[in-house]
Amino acid sequence: MNTREVNKFMANGIEEIRRQSRTYARVENLMSNVNRESLIAMHLKQPANKAKGVDRVSKAEYGENLEENISNLLERMKKFSYRPLPVRRTYIPKTNGKMRPLGIPSYEDRLVQGVMADILNAVYEERFLDCSHGFRAGRSAHDVVKTINNAVMRNKVNYVLEADIKGFFDNVNHEWLIKFLEHDIADKNFIRYVKRFLIAGVMEGTEIMDSDKGTPQGGLISPVLANVYLHYVLDLWFEKAVKPRLRGYSCFVRYADDFLILFENKDEAESVMEALRVRMERFSLELAEEKTKILPFGRFKGTKESFDFLGFTSPTERRAKDITW
C-alpha cells in the first residue's frame, strides 16, 4: 500500500469507530485498529528529527527495516509481551529562566500511543460536550473566547468563577480513569495497554521512577486521556447535575485543564465553588486556592475587575462595545 492508500484505509477505520460510538453505549474490538496499516501510517507522520527516547532509536533507523519491525511489534502485542518503556525526561529552558520538564517516549511507544490516541479521539468526539475545546480537532482557544463573548453579550452575566486545578496532569487518578474508559469501551485488551502506558514510568539520567498517578509525560495519548477524565469529573457533572439546579443563567467552558464558569447570581457562584472543592477531592484533584476566585464581571456590573484566561485578558471596562478579547 502506498501513502495515499494507507491514509484512506485509516480514515475508513476511524469513521467506523465514530459510527460505533454514535450507535452503541460501549465500543468493541478497538485493538483490531492497531494494525500494520495504522502503525505504518503513524510512522510516516513522525517528524524526522524528533528527539530519541530511552531506546535511542530514530525514525530513520526504525524505517530501515520497517516491515520487519512492525511485524515484530504486532507479534509482541498479540502475545502481550510488548511493554512500553519509561519516558526519557529532559529539560528545556523557559522564557522566565526556569527549566521545563519534557518527556520523550521511545519510538515504538510513540507509534502505538499515536494510533491508540487516534482511536480514543474517534470514540470520544461523539461523546464529548460542546463546552470542551482543548486538544480537539477543529477547536481552539479562540472558540472559547467567542463562547464567552457571546455569553456576556446575550445573557445576564454578573460574575465569573476562575478556577485552576493544581498539577492536574501529574495527579490524574489511574483507577478512576480506567473506570471512565471502561464505561465507554468494551475491549479489555485495549484497556490493558492503556494501563501499561500509564504505569510505564519515567527515566531521568539512570534513575527510573514509577508512575502510579498522572498521564504519560510527553505521551501522544495523554491529551485525550486528560479530556476523558475531565469529561466525567467536570463537564458532565456541571451540565447534568449542577446547571439544572441553578435559578439564574450560567455558562461553563473548558480548554484542557483550564476552565471558568459565568453566573448571573453571586450566591450560586459561591455555592458552585464550594461544590467544586468537594468534587475535586473525590477524584484526587485539588483547586489551586490562590488562583481560584469569583470576580464581578459583565455588562451589568459596571466594575473594572479583569481576569486572564488562556492568555487573553478580559476587558477592564464593561460597556458593551468594550467586550472584546
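Do we have ARG245 as surrounded by fewer than 18 Cβ atoms within 10 Å (Cβ to Cβ), free of Cβ contacts under 8 Å to residues at least 12 places away in the same chain, of a type outside the set (A, V, I, L, M, F, W, C) and touching a Leu at 6+ places or on another chain (Cβ under 7 Å) here? So ARG245 does not fit the description; no. Could you please let me know if SER284 is assigned to a loop (DSSP other than H, G, I, E, B), of a type in the set (Ser, Thr, Tyr) and in contact (Cβ under 8 Å) with a residue 40 or more places away in the chain? In short, yes.
Taking (1) open to solvent by 10 Å² or more (accessible area, probe 1.4 Å); (2) small (Gly, Ala, Ser); (3) at pLDDT 90 or above; (4) within 30 Å of ILE199 (Cα to Cα) in turn, GLY214 satisfies each apart from (1). ALA25 passes every criterion in (1) farther than 22 Å from GLY218 by Cβ; (2) under 22 Å from the mean Cα position of the chain (by Cα); (3) not in a loop (DSSP other than H, G, I, E, B) apart from (3).
The set of residues from region 273-305 being touching a helix residue (DSSP H, G or I) at 6+ places or on another chain (Cβ under 9 Å), at pLDDT 90 or above and small (Gly, Ala, Ser) comprises ALA275, SER284.
Residues are listed down the side, and each one gets a yes or a no for (1) surrounded by fewer than 18 Cβ atoms within 10 Å (Cβ to Cβ); (2) assigned to a helix (DSSP H, G or I):
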position	(1), (2)
LYS8	yes, yes
ILE17	no, yes
ALA48	yes, no
ALA60	yes, yes
GLU68	yes, yes
ARG76	yes, yes
LEU85	yes, no
PRO101	yes, no
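In region 254-261, is there at least one residue being out of contact with any Pro (no Cβ under 6 Å at 6 or more places or on another chain), under 17 Å from ASN173 (Cβ atoms) and surrounded by fewer than 18 Cβ atoms within 10 Å (Cβ to Cβ)? There is no residue in region 254-261 that is out of contact with any Pro (no Cβ under 6 Å at 6 or more places or on another chain), under 17 Å from ASN173 (Cβ atoms) and surrounded by fewer than 18 Cβ atoms within 10 Å (Cβ to Cβ).
A Cβ distance below 9 Å, combined with a sequence gap of six or more or placement on separate chains, defines the contacts here; from region 141-162, residues that are open to solvent by 40 Å² or more (accessible area, probe 1.4 Å) reach residues that are in a helix (DSSP H, G or I) and not hydroxyl-bearing (Ser, Thr, Tyr) in the pairs MET153/ALA320.
The values are calculated or read from the model by the stated rules, or taken from the named source; none is laboratory data. Keep in mind that this is a model prediction, so the values were computed, not measured. Note that we place each Cβ from the backbone using ideal geometry, even for glycine, and neighbour counts take in every protein chain shown. To get the accessible areas, we keep the full protein, side chains included, count just its heavy atoms, and leave off ligands, DNA and RNA. Shrake-Rupley method; radii C 1.70, N 1.55, O 1.52, S 1.80 Å.
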